[in-house]
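Peer 1: Let me give you the structure first, and then I'll get to my questions.
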Amino acid sequence: GNSVTQMEGPVTLSEEAFLTINCTYTATGYPSLFWYVQYPGEGLQLLLKATKADDKGSNKGFEATYRKETTSFHLEKGSVQVSDSAVYFCALSHYTGNQFYFGTGTSLTVIP
Amino acid sequence: NAGVTQTPKFRVLKTGQSMTLLCAQDMNHEYMYWYRQDPGMGLRLIHYSVGEGTTAKGEVPDGYNVSRLKKQNFLLGLESAAPSQTSVYFCASSYRGLAGVYNEQFFGPGTRLTVL
């Protein structure tokens, strides 16, 4: 079946540090892949997405590349800010169904 | 556009009481979803709908019922609330784009429910 596995947190970084949050998936064919961000007390917001292999999604300094060969979609940011403190969710959707599959979320705290 | 809205934002129930959570979207999306979010569990799908008048069970449907009488609204009901249903509930909507690609889900702000 379809599933998403992301690295467990919590992750604590100093401001301006490099961020990587790992995400791997299991699915047949070519799912669409997403990263969502959830700030405290709010709903999930789409951060970036990629719909085919080798696509790179980017937004607000975050990037993730759809790697079919390693079934991965790792989230990266070169220099995190305190305002990036949030929970990040990796997700996939598959053309054979109408459900999304979410990872369990990774909590990020950035300290000044 | 308001996007996806949820009412109420907070609610406290006693065990055995009933309530209905309302989700509304103004984006003309076909698909709507109800999730619950619990610490360490991520998001779990309760029920979903692929169009007006249709509903389907998700991963954790027990104790909940849903209805989609209008395309823009998706209601989640708890007939007899239990403490295990204490959670944050999120509604989401989505659409299917060209070439059958399922596009991103748009989320509401959530309803925080406590069952005593």
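Peer 1: Out of the residues in segment A:84-98 that are assigned to a loop (DSSP other than H, G, I, E, B) and touching a residue at least 60 places away in the same chain (Cβ under 8 Å), which is surrounded by the most Cβ atoms within 10 Å (Cβ to Cβ)? It would help to see each step written out before you state the result.
Peer 2: Taking segment A:84-98 first, the residues assigned to a loop (DSSP other than H, G, I, E, B) are A:85, A:94-98.
Now drop any that are not touching a residue at least 60 places away in the same chain (Cβ under 8 Å), which leaves A:94-97.
On the way: A:His94: 19, A:Tyr95: 17, A:Thr96: 13, A:Gly97: 12.
The qualifying residue surrounded by the most Cβ atoms within 10 Å (Cβ to Cβ) is A:His94.
Peer 1: Another one. Mind checking whether some residue in segment A:50-69 is away from chain B (no Cβ under 14 Å), outside any loop (DSSP other than H, G, I, E, B) and among the small types (Gly, Ala, Ser)?
Peer 2: Yes: segment A:50-69 contains one or more residues that are away from chain B (no Cβ under 14 Å), outside any loop (DSSP other than H, G, I, E, B) and among the small types (Gly, Ala, Ser).
Peer 1: Of the numbered conditions (1) assigned to a loop (DSSP other than H, G, I, E, B); (2) of a type in the set (Gly, Ala, Ser); (3) within 12 Å of chain A (Cβ to nearest Cβ), B:Ser93 fails exactly one; give the number of that condition.
Peer 2: The single condition B:Ser93 does not satisfy is (1).
Peer 1: What's the number of the only condition in (1) of a type in the set (A, V, I, L, M); (2) touching a residue at least 24 places away in the same chain (Cβ under 8 Å); (3) more than 30 Å from A:Pro10 (Cα to Cα); (4) out of contact with any Gly (no Cβ under 7 Å at 6 or more places or on another chain) that B:Val12 fails to meet?
Peer 2: That leaves (3) as the condition not met.
Peer 1: Please state which of the following conditions A:Gln81 fails to meet, knowing it meets all the rest: (1) touching a residue at least 60 places away in the same chain (Cβ under 8 Å); (2) crowded, with 17+ Cβ neighbours inside 10 Å; (3) not aliphatic (A, V, I, L, M).
Peer 2: For A:Gln81, the exception is condition (2).
Peer 1: Confirm whether A:Gln81 is within 14 Å of chain B (Cβ to nearest Cβ) and either on the phi < 0 side of the Ramachandran plot or of a type in the set (D, E, K, R) (or both).
Peer 2: No; evaluated as a whole, the condition is false for this residue.
Peer 1: Taking the stated definitions as given, is A:Gln45 of a type outside the set (Asp, Glu) and away from chain B (no Cβ under 12 Å)?
Peer 2: On the way: of a type outside the set (Asp, Glu): yes; away from chain B (no Cβ under 12 Å): no.
The answer is no for A:Gln45.
Peer 1: Here's another thing I want to ask about it. Quick check: is even one residue across segment B:11-19 within 10 Å of the chain's Cα centre (by Cα), away from every other protein chain (no Cβ under 11 Å), more than 16 Å from A:Phe100 (Cβ to Cβ) and assigned to a strand (DSSP E or B)? First the steps, then the outcome.
Peer 2: Looking only at segment B:11-19, we keep the residues that are within 10 Å of the chain's Cα centre (by Cα), and these are none.
No, because not a single residue in segment B:11-19 is within 10 Å of the chain's Cα centre (by Cα), away from every other protein chain (no Cβ under 11 Å), more than 16 Å from A:Phe100 (Cβ to Cβ) and assigned to a strand (DSSP E or B).
Peer 1: Which of the residues that make up segment A:33-91 are closer than 30 Å to B:Thr7 by Cβ and of a type in the set (Phe, Trp, Tyr)?
Peer 2: Across segment A:33-91, the qualifying residues are A:Phe34, A:Trp35, A:Tyr36, A:Tyr39, A:Tyr88, A:Phe89.
Peer 1: Need pairs with beta-carbon distance below 9 Å; first residue farther than 10 Å from B:Met32 by Cα and within segment B:49-73, second loosely packed, with under 13 Cβ neighbours inside 10 Å and of a type in the set (Ser, Thr, Tyr); sequence gap 6+ or separate chains.
Peer 2: B:Gly63/B:Ser80; B:Gly63/B:Ser84
Peer 1: B:Ile46 fails exactly one of the following numbered conditions: (1) assigned to a loop (DSSP other than H, G, I, E, B); (2) touching a Gly at 6+ places or on another chain (Cβ under 7 Å); (3) among the hydrophobic types (A, V, I, L, M, F, W, C). What is the number of that condition?
Peer 2: (1)
Peer 1: Turning to a different aspect of this structure: So, A:Thr28, is that one at pLDDT 95 or above and either closer than 26 Å to B:Gly97 by Cα or in a strand (DSSP E or B) (or both) or not?
Peer 2: When the stated conditions are applied, A:Thr28 does not pass them.
The values are calculated or read from the model by the stated rules, or taken from the named source; none is laboratory data. Quick caveat, the model's predicted, so the values are computed rather than measured. Methodologically, a virtual Cβ is constructed for each residue, glycine included, from the backbone with ideal geometry; neighbour enumeration extends over all protein chains shown.
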